[in-house]
1. Does residue C:164 satisfy being among the β-branched types (Val, Ile, Thr), over 23 Å from residue C:218 (Cβ atoms) and within 13 Å of chain B (Cβ to nearest Cβ)?
2. Can you pull out every residue in the stretch A:147-191 that is more than 9 Å from every other protein chain (Cβ to nearest Cβ) and modelled with pLDDT of 80 or more?
3. Quick check on this structure: which one of A:63, A:59, A:15, A:49 is more than 12 Å from chain C (Cβ to nearest Cβ) and in a helix (DSSP H, G or I)?
4. Please count how many residues of the stretch B:47-97 are among the β-branched types (Val, Ile, Thr) and over 22 Å from residue A:65 (Cβ atoms).
5. Evaluate the following for residue C:159: is it part of a helix (DSSP H, G or I) and farther than 30 Å from residue A:69 by Cβ?
6. On the given criteria, is residue C:190 in contact (Cβ under 8 Å) with a residue 40 or more places away in the chain and closer than 21 Å to residue A:66 by Cβ?
7. If we keep just the residues of the stretch A:132-162 that are farther than 30 Å from residue C:118 by Cβ and of a type in the set (A, V, I, L, M), which is surrounded by the fewest Cβ atoms within 10 Å (Cβ to Cβ)?
8. Using the structure shown, decide if residue C:149 is crowded, with 24+ Cβ neighbours inside 10 Å, on the phi < 0 side of the Ramachandran plot and within 10 Å of chain A (Cβ to nearest Cβ).
Amino acid sequence: MDITVESIVFLIFGVLTLGSALLVVTTRNLFHGALYLMASLFGVAGLFVLLAAPFLAGVQVVVYIGAIAILIIFAIMLTPQVTAMRSVRTAQWPVAVAVAVIFFALLVSVVTPLMDELGVDDFAADFTQENPPDVPADSLVRLGEQLVDPQQFMLPFEVASVLLMAALIGAVLLVWPEGTRSTPPGEAGDD
Amino acid sequence: MSLNEWIFIGLFFALSWILPATPIVLGKILAPRRPNPVKHQVYECGVETFGDTRVQFRAQYYIFALVFVLFDVELVFLFPWALAYNQLGLFALFEMTVFIFLLVVALVYTWRKGALTWA
Amino acid sequence: MTELLQDIGLSHGLAVFIAKAVGVMVVGAFGLLWTLLGIWIERKAAGRFQDRLGPNRVGPFGLIQSIADTVKILLKEDLMPQGADRWVFNLAPIVSVVSVMLIWAVVPFSGSWIGSDLNIGVLYLVAVGAFGTVAVLMAGWSSNNKYALLSAFRSVAQLVSYEVPMVLALLVPVLLSGSMSTQTIVEQQHIMYLLAVPLTVLIFLTSGQAETGRGPFDLLEAESEIVSGFHIEYSGMKFGMFYVAEFLHAFTIGVLTAILFMGGWRGPFAEDVPLLGFIYLMIKSMVAYMVLIWVRMTLPRLRIDQLLDFNWKFLVPLSLVNLLVVAFVWKILPDTDQINSFGDALVPTLVLLVVNIALIAGVGAILRERGRRERQRVEARLTAAESAAAGD
């Protein structure tokens, strides 16, 4: 594996992603944990750029840092006495470790045959090769076309919308208690 | 798309941290520094602060954040659609209308429920 | 410049790197220096809008006012409240400036002067905005002040809410030009989009004003009634950086309006003389920016419930309808996928303009009706309260 500019940048983003991810679970301050999570997600965005998938990188930042991480911070503020929270080592931690290991093994077992199928035998070598094949210039336009093509991804695309709708309605149903309409009776209809 | 365009972004990202940091460091050097515990106390409407700063917030903040997250995900879908729009037929517009309509239904539900009214 | 460096014997890669680095410094330094002049222009203009003189004591026409302010702010003691989260507290103002500066990396200053012509340019603009939101949260959390924290959370609720109509407005030029690259969007504007989709521009400017947290959306800062918003505990140069970020963000909204809707650097002879293109861009940005200052100086402040209602119950539905209507008209018009000259763009622009005027008229009627009903509602409540008081 030769040392190229790409491999150095890859290392930087890799360390950023993994290091921050480690800090997320080890820090005792919930808010710091959320900030480290953002750094970790940002590292993933950087990796997407390196993989010549800038659209995914943009989506990663817009959705994960701009929305989901913010949502997590809002959720932190919903917990009573945020700063008084102390992480307690419960008896459950061996179970947690076991679950994590099993899931990691599952992921590896799913990804490995996929890489064979794609013809990637040495990931590192493939990644650092001198002239990787160019991504077609119109890849984003093709993405847009395929999303709405009835032969391709039209159904998943519309189902995604149903999922979003269900998520919002479900969340409001859970969070917003029944009978707490803030508008006085008689005026509720028009605003 | 070559990565060359991103070299500039990377450099810009690095430099854009230095530019605002410089005046702050300069300020640290030039400004007087006479710390004293009274000066650093938190002031709150003319009285000393009481209780913990990081208070519990209302659930409504969460609702707004959640509505935003869902719309944000929707917007991400809209980008490739808008980009490819000139190559698409009228049917694509119909599909997008359905897509948006479903989310608007959720918005209207939230609205009717009164969760969007700040109180 | 790359060729020049290669001529003196540098390798291609290194030459590209150095050329890019110089470009970064030029754009970055320009951004910060422009702030000094821009703040003076803004204060002068704000003064005129309010029938006063604005800064006029320091130097000719008060030109050196900004520099004097900088020196003053440099010499202020930098305080950090008790119990503050030291690292986060120090990083927040820097992140705040970074989020705005990053936008300038994709601004096409002229036909050939652009930092980086990303093919996801518009999405990049949305993405870097996320860092601004993070900066607000960092400042509010780390200050160890209930008001800073409350204000930060309300600010974020405002920022994320208004991001939805803003992105929906950004999608219109993407749709019309079939590209997310800022440079291509400028090149596609044979007739500026402002004339085709004025409603989109109004939505963009309104949500842009809210994104920068300026009047009438400045209820969280409200410098004339409460002290300040999420940056209440900041002093010295760290406060200065929040101030710079706010100004630069507001001006950047003007620049983006110029690029996405007013044809950017395009103008007579701009193709041949890059400097001319840059001057056109600055003039157009200034015009858009002045409109924003005008609004800021004219309208009274909103309440938080009005602010959020206005967004979710009016602006978001409106911008969704606007996007779909523009998309529909664009599709039923012939040959809109091949617009290569002024002539090609003329008919679609006129049709879209007519549709937009109809839309704006309809929206205006809705708004007037809502205003009338709201006035009646408040009046009815007041009379009820009065009669109740009289009954006692």
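1. Numbers: among the β-branched types (Val, Ile, Thr): yes; over 23 Å from residue C:218 (Cβ atoms): no; within 13 Å of chain B (Cβ to nearest Cβ): yes.
So residue C:164 does not fit the description; no.
2. Scanning the stretch A:147-191 gives A:151, A:152, A:153, A:155, A:156, A:159, A:163, A:170, A:174.
3. On the way: A:63 fails: more than 12 Å from chain C (Cβ to nearest Cβ); A:59 fails: more than 12 Å from chain C (Cβ to nearest Cβ); A:49 fails: more than 12 Å from chain C (Cβ to nearest Cβ).
Just a single option satisfies the conditions, and that option is A:15.
4. Keep residues of the stretch B:47-97 that are among the β-branched types (Val, Ile, Thr), which gives B:47, B:49, B:53, B:55, B:63, B:67, B:69, B:73, B:76, B:97.
Of the ones still in play, those that are also over 22 Å from residue A:65 (Cβ atoms) are B:47, B:49, B:53, B:55, B:97.
Number of matching residues: 5.
5. Details: part of a helix (DSSP H, G or I): yes; farther than 30 Å from residue A:69 by Cβ: no.
So residue C:159 fails the test.
6. Values: in contact (Cβ under 8 Å) with a residue 40 or more places away in the chain: yes; closer than 21 Å to residue A:66 by Cβ: no.
No: the conditions fail for residue C:190.
7. Restricting to residues being farther than 30 Å from residue C:118 by Cβ and of a type in the set (A, V, I, L, M), the top hit is A:155.
8. On the way: crowded, with 24+ Cβ neighbours inside 10 Å: no; on the phi < 0 side of the Ramachandran plot: yes; within 10 Å of chain A (Cβ to nearest Cβ): yes.
So residue C:149 fails the test.
The values are calculated or read from the model by the stated rules, or taken from the named source; none is laboratory data. The shown structure was predicted, so the numbers you read here are calculated from the model rather than taken from an experiment. Note that each Cβ is placed from the backbone with ideal geometry, even for glycine, and that neighbours are counted across all protein chains shown.
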